[in-house]
Amino acid sequence: MEKSEVLKMLFEEHHRQLSETSEKIRTLTHRAVGILTIITGWLILAGQVPSGVLRWVLIAGITVIVLATCVTLLRYNRNYRTIASVVAKINSAFGFFESGRYLPDDKMYPDRWAKFGSEPRLSGIWHHLTIICLMSAVCITAALVR
């Protein structure tokens, strides 16, 4: 197998992995927000909500769901950034960041794409974590106020 064929195969595989990981992040976020929304709706609409120990068990359950979701999202994001850094290396091996290689007097990709995968830890995921934390705050507030 030629070097270019190997690079093309790796490129396709890693892009597939990036798409799958990104989809896992979106799906987990949607599920967590959905569960928290259902719990919040139940707390608001229920005629009588749990009191005393059951209320604190509910709040502890919400906290466990949110923490587990956030830890899993951080793990998925770490995997995404690892794969992304490999994609950046493959792009570099193809010469996409070299001026004049594919386009006269220009680069195929901008320089900032060469840093793909080396972004700050929360880059690309902070909005998922924010919405989950905000929804959990609303849910816990509904459990405490009712």
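The values are calculated or read from the model by the stated rules, or taken from the named source; none is laboratory data. Here the structure is a predicted model, which means the values were calculated and not measured. All Cβ positions, even for glycine, are placed from backbone atoms using ideal geometry, and neighbour counts span all protein chains on display. These accessible areas exclude ligands, DNA and RNA; they are computed on the full protein's heavy atoms, side chains included. Shrake-Rupley method; radii C 1.70, N 1.55, O 1.52, S 1.80 Å.
A few notes on this one:
- G34 surrounded by fewer than 16 Cβ atoms within 10 Å (Cβ to Cβ), out of contact with any Pro (no Cβ under 9 Å at 6 or more places or on another chain), modelled with pLDDT under 90 and under 30 Å from V145 (Cα atoms): no
- R121 being free of Cβ contacts under 8 Å to residues at least 60 places away in the same chain, within 25 Å of the chain's Cα centre (by Cα) and open to solvent by 90 Å² or more (accessible area, probe 1.4 Å): yes
- Applying the set (1) of a type in the set (F, W, Y); (2) under 14 Å from A143 (Cα atoms); (3) under 16 Å from the mean Cα position of the chain (by Cα) to Y80 leaves exactly one unmet item: (2).
- For the stretch 104-112, the criterion of being free of Cβ contacts under 8 Å to residues at least 12 places away in the same chain, open to solvent by 80 Å² or more (accessible area, probe 1.4 Å), in a loop (DSSP other than H, G, I, E, B) and touching a helix residue (DSSP H, G or I) at 6+ places or on another chain (Cβ under 9 Å) is met by none of the residues.
- Exclusive hit being under 23 Å from H127 (Cα atoms), of a type outside the set (S, T, N, Q) and free of Cβ contacts under 8 Å to residues at least 40 places away in the same chain, set A88, A84, A68: A68
- If you check I65, I83 for being open to solvent by 50 Å² or more (accessible area, probe 1.4 Å), assigned to a helix (DSSP H, G or I) and out of contact with any strand residue (DSSP E or B) (no Cβ under 7 Å at 6 or more places or on another chain), only one passes: I65.
- Any chance I25 is assigned to a helix (DSSP H, G or I), at pLDDT 95 or above and either surrounded by 14 or more Cβ atoms within 10 Å (Cβ to Cβ) or touching a strand residue (DSSP E or B) at 6+ places or on another chain (Cβ under 8 Å) (or both): yes
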